[in-house]
Amino acid sequence: MKRRYDIVVVGGGMTGLTVASLLAQGRSADALKLTVVDAAPRPRFDPDEDIALRVSAIATGSADILDSIGAWQMVVSARACPYEHMRVWDGADDPDGPSTLKFDADEFAVAQLGFIVENLLIQDALLKVLDRTDVNLRFDTPIAAIVRTESGHCVQLEDGREMDADLLVGADGARSLVRESAGIEVTRRPYAQTAFVTHLRPREQHGATARQRFLSDGPLGMLPLADGRISVVWSTTDVNARRAMAASDEELGSMLTEASDEVLGELSVAGPRGTFPLCAQHARNYVLPRLALIGDAAHAVHPLAGQGANLGLADASTLSRVVEEAIRKGEHPGDRPVLRRYERARKGANATMLHLMTGLNQLFAAGSPTIGELRRAGMRLFNVSGPLRERAVKVALGAGRR
Ligand SMILES: Cc1cc2nc3c(=O)[nH]c(=O)nc-3n(C[C@H](O)[C@H](O)[C@H](O)COP(=O)(O)OP(=O)(O)OC[C@H]3O[C@@H](n4cnc5c(N)ncnc54)[C@H](O)[C@@H]3O)c2cc1C
């Protein structure tokens, strides 16, 4: 009888559930016993409830990955907002000025540039896919410790039970226990910014446009939601974020209307609020023998270009392909040379995005008038450079392609 491999995925976020779904439906599924463990309760999407606070801009490449496992149709038919236009401008300029970066789906012959989707909805759709497979889903399952064994790793649960893994996948987010237990170091660089997030109702229609205004304290992202509201991600000083949390609805509406330069007229608060500390983080290694990190466990990037989840889905896609190929060739999927194929394919691409986001954030935060003028001149040049624009849009559209 053929050997079966135990793969334990720690983390039932978007990336962990995606890798489990891809492996469960892949050509080597018969050779795998898959388990997903998460300390939190199982996430559930309820269409009668309000749009959740956490939403992500999902690139079409990522939508393709979710489509390939049968999750995307559930997402779009529930509550996804396609966006067809993108506008990015310098806080010192006019949103319709010559230096504003403009991208339109038409120009690139695609129906939309991407979709704004609740994280919870994506998780829920993936879980419905997984419910139809024999993947063992264990939510509400805190982990006490993870130890290296001769043949792999042993995940020791707080309830005293243990799970042995021939391959352990760490998809447990930025503060990954898997990464820490394995002693993998991270390079970390705080941005000295906090992301303040809420939903607002704009006086004017959002017009299926994702907007970003770069202020000296950090970017203000305005993402269109399916019901006409916008989701605001305001990356700002910790003090401003605290003020925003404590402000009355009226005060907060005025703060954000001003920060948006009234691009959509007056903004009224219409949703919950939350803050997220921001930090650039990259694991020194993505893999060790019998272990691989994916998603935020491997890298955390600034949300300014909405790439974190997209990079995580691309990791999930590449890792599942590498594992499948190894099994077909008779290799152990947890061997380091096998897992290095995944690391080589993804680490460079993720590092590039990380540096780009950190650089952009610094460039726009630079207060000097000379840098400001150079920045705007660069944006004007970018606007008239066909190949550069095309390259940028290809990256944005296809960040998740397999
Ligand atoms: C304000 C903000 C806006 C963003 N906007 C975008 C965007 O527009 N587009 C985009 O692509 N990305 C965006 N991102 C990034 C995106 O949210 C993350 O990259 C993505 O959610 C990471 O998914 P993940 O599955 O890797 O990790 P997570 O979502 O962090 O999931 C980790 C899972 O592991 C579980 N877990 C953690 N520790 C343990 C443990 N010890 N034991 C068991 N389980 C554990 C958790 O319960 C959780 O379910 C944004 C981020 C922020 C902060």
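The values are calculated or read from the model by the stated rules, or taken from the named source; none is laboratory data. Since the structure is predicted, the reported quantities are computational estimates derived from the model, not experimental observations. In this analysis, Cβ positions are derived from the backbone assuming ideal geometry, glycine residues included, and neighbour counts consider all displayed protein chains.
Within segment 176-194, is even one residue of a type in the set (Ser, Thr, Tyr) and touching a Cys at 6+ places or on another chain (Cβ under 9 Å)? Give the derivation first.
Residues of segment 176-194 of a type in the set (Ser, Thr, Tyr): 176, 181, 187, 191, 194.
So of that shortlist, the ones also touching a Cys at 6+ places or on another chain (Cβ under 9 Å) come out as 191.
Yes, segment 176-194 has at least one match.
Do we have any residue at all in segment 265-274 that's assigned to a helix (DSSP H, G or I), out of contact with any Gly (no Cβ under 6 Å at 6 or more places or on another chain) and on the phi < 0 side of the Ramachandran plot? Among the residues of segment 265-274, not one is assigned to a helix (DSSP H, G or I), out of contact with any Gly (no Cβ under 6 Å at 6 or more places or on another chain) and on the phi < 0 side of the Ramachandran plot, which makes the answer no.
The condition (being over 14 Å from the mean Cα position of the chain (by Cα), within 28 Å of Leu356 (Cα to Cα) and part of a loop (DSSP other than H, G, I, E, B)) is satisfied by just one residue among Asn285, Asn240: Asn285.
Rundown of residues vs (1) modelled with pLDDT of 65 or more; (2) within 29 Å of Arg54 (Cα to Cα), yes/no style:
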site	(1), (2)
Ala305	yes, yes
Gly308	yes, yes
Glu325	yes, no
Glu331	yes, no
Pro337	yes, no
Thr352	yes, yes
Ile371	no, no
Gly386	no, no
Val395	no, yes
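Checked across segment 157-177, the condition of being surrounded by 14 or more Cβ atoms within 10 Å (Cβ to Cβ) and farther than 25 Å from Arg284 by Cα holds for at least one residue. When Gly274 is tested against (1) modelled with pLDDT of 95 or more; (2) within 11 Å of the ligand (Cβ to nearest atom); (3) within 25 Å of Ser68 (Cα to Cα), just one condition goes unmet, and that condition is (3). Of the residues making up segment 9-53, those that are outside any helix (DSSP H, G or I), within 11 Å of the ligand (Cβ to nearest atom) and either outside the structural domain of Pro303 (by TED's automatic domain parsing) or crowded, with 16+ Cβ neighbours inside 10 Å (or both) are Val9, Val10, Gly11, Gly12, Gly13, Val36, Val37, Asp38, Ala39, Pro43, Leu53. Selection of first residues in segment 254-267 that are within 20 Å of Gly228 (Cβ to Cβ) and at pLDDT 95 or above and of second residues that are aliphatic (A, V, I, L, M) and in a loop (DSSP other than H, G, I, E, B), restricted to Cβ pairs under 9 Å at least 6 apart or on distinct chains, gives the following pairs, ordered by first then second residue: Thr257/Leu264.
Considering only segment 178-187, how many residues are surrounded by 16 or more Cβ atoms within 10 Å (Cβ to Cβ) and part of a loop (DSSP other than H, G, I, E, B)?
Our first condition is that a residue be surrounded by 16 or more Cβ atoms within 10 Å (Cβ to Cβ); within segment 178-187, this holds for 178-179, 181-182, 184, 186.
Pick out the ones that are also part of a loop (DSSP other than H, G, I, E, B) and you get 182, 184.
Of the residues in that region, 2 qualify.
Just to be sure I understand, how many residues within segment 118-164 are in a helix (DSSP H, G or I) and of a type in the set (Gly, Ala, Ser)? Matching residues across segment 118-164 total 1.
Residues that are farther than 23 Å from Pro272 by Cα, out of contact with any Phe, Trp or Tyr (no Cβ under 9 Å at 6 or more places or on another chain) and within 16 Å of the ligand (Cβ to nearest atom) within segment 184-216 comprise Val186, Arg188, Arg189, Pro190, Tyr191, Ala192, listed in sequence order.
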